[in-house]
Amino acid sequence: MTLTNGYEQSDREEKLNILNLPSLEGEAKKIIPTGGFGYIFGGAEDEWTLKENTQAFNHAQIVPRALSNIDHPDLSTDVFGLHLKTPVMMAPTAAQGLAHAKGETDTAKGVAAVGGLMAQSTYSSTSIADTAAAGNGAPQFFQLYMSKDWTFNESLLDEAKKAGVKAIILTVDATVDGYREEDIINNFQFPIPMANLEKFASGDGKGQGIGEIYAAAAQKIGPDDVRRIAEYTDLPVIVKGIQSPEDALRAIGAGAAGIYVSNHGGRQLNGGPASFDVLADIAKAVNHQVPIIFDSGVRRGSTCSRRWHQALTW
Ligand SMILES: Cc1cc2nc3c(=O)[nH]c(=O)nc-3n(C[C@H](O)[C@H](O)[C@H](O)COP(=O)(O)O)c2cc1C
């Protein structure tokens, strides 16, 4: 264990035998301090949307096909000009130092080892360069929480480009923080500095709550911002946090190279529909113009079972 500003950061390293995600989360809860665990695990308000995200997979079933003459199914895919062994991306996830002292660097190593795609968050515990180096050449994207301060945005985008990221993910669904009751109960403030804020902003996030951090982000984001980031970086821009066909088309009209259907896992906004339930209509409207990334509620390769939902309420 490493004590960082009074926070007991785990530095344990051992082989994990993972049965499924609920059991892994149960193990994590024993190790991660209460405030950090609440930030990682909790959602907004009474977490209706968060729970609905997992339940929604029960609204559709997978019909198994037979006589297909395949022995080793190929899961590889080509997307955004990249060849991936597995069609899985590590979603941009802030402050991974809360879970382990090695933070995003070891996540990047794991993602590279399975041939997936790693997305770095603006609010990462480790720096863009360190996380990129840990990925050892495997593809990475950089997720931007756009700031009101364009000098800061440009510094991050320059750094991400220098580190060789292949695309920018612009998150548009969390311009303010949610009413996160778990964080309020725990009086949670980030104990560990955020490397990109430390390097490029006036504060490093340490000792601040998510509300204060989001307050520095831009509250006003529109199609012109998508265009501006694409022009500035000359990289594909993927718009994250899309929940309606209209917004998907607006993003594409502004030059988005990809649509990222997500409701942030119900972490910041409550009361919206499950992300899975809006996916089909968005895909229909997008009509293969650009690739679609999806998240929120995924807990298994197949579907989320009712049993999982029960496990959530331990
Ligand atoms: C601890 C944590 C931190 C997150 N940080 C970010 C972030 O920095 N930027 C972002 O766009 N999304 C962030 N997200 C949202 C994820 O990218 C993703 O949309 C969400 O977790 C999907 O829902 P799921 O948790 O049900 O899979 C975060 C999620 C978690 C759990």
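Near the amide H of Q120, within less than 5 Å, lie the amide hydrogens of F141, F142, Q143, all on another chain or at least 5 residues away, with H placed in the peptide plane. Taking amide H atoms as placed 1.01 Å from N in the peptide plane, the amide H of S125 lies under 5 Å from those of A95, Q96, G97, E104, A195, each 5 or more residues away in sequence or on another chain. As a fraction of the 1.4 Å probe accessible area of the chain, surface on carbon and sulfur atoms comes out at 53 percent. Straight-line reach from K284: taking Cα to Cα under 20 Å and skipping same-chain neighbours fewer than 8 places apart, the aspartates and glutamates in range are E246, D247, D295. Looking at P87, Q140, G38, which one has the Cα that reaches farthest to the positive end of the dipole of the chain (charges on Cβ: Lys, Arg +1; Asp, Glu -1)? Going by the Cα projections, it comes out as P87.
Between W48 and D281, the modelled label-to-label distance comes to 1.7 nm, taking each label 7 Å out from Cα in the direction of the beta carbon.
For S23 and D158, the difference between the fully extended length at 0.36 nm per residue and the C-alpha to C-alpha distance is 44.6 nm. One Cα centroid belongs to region 134-158, the other to region 11-90; the line between them spans 25 Å. Per residue, the convex hull around the alpha carbon atoms of the chain comes to 142 Å³. Under the convention that each Lys and Arg Cβ holds +1 and each Asp and Glu Cβ holds -1, the size of the dipole of the chain around its Cα centre is about 600 debye.
Averaged per residue, the chain has 51 square angstrom of accessible surface, using a 1.4 angstrom probe with ligands and nucleic acids left out.
What the Cβ-Cβ distance of D71 and E14 gives, at R0 = 45 Å and to the nearest 0.05, is a FRET efficiency of 0.85. Take every Cα pair under 8 Å whose residues are at least 6 apart in sequence, average their separation, divide by the length of region 2-311, and the relative contact order is 23 percent. Farthest towards the positive end of the charge dipole of the chain, among the residues I213, S124, N186, is the Cα of S124, using unit charges on the Cβ of Lys, Arg, Asp and Glu. For K29, the lysines whose Cα comes closer than 27 Å to its Cα, not counting residues fewer than 8 places off in the same chain, are K15, K51, K102, K109, K206.
The values are calculated or read from the model by the stated rules, or taken from the named source; none is laboratory data. What you are looking at is a predicted structure, and each value in this text was computed from that prediction instead of being measured. With ideal geometry, Cβ positions are generated from the backbone for all residues, glycine too; neighbour counts draw on all protein chains shown. Just so you know, the surface numbers come from the protein's heavy atoms only, side chains and all, with ligands and any DNA or RNA stripped out. Shrake-Rupley method; radii C 1.70, N 1.55, O 1.52, S 1.80 Å.
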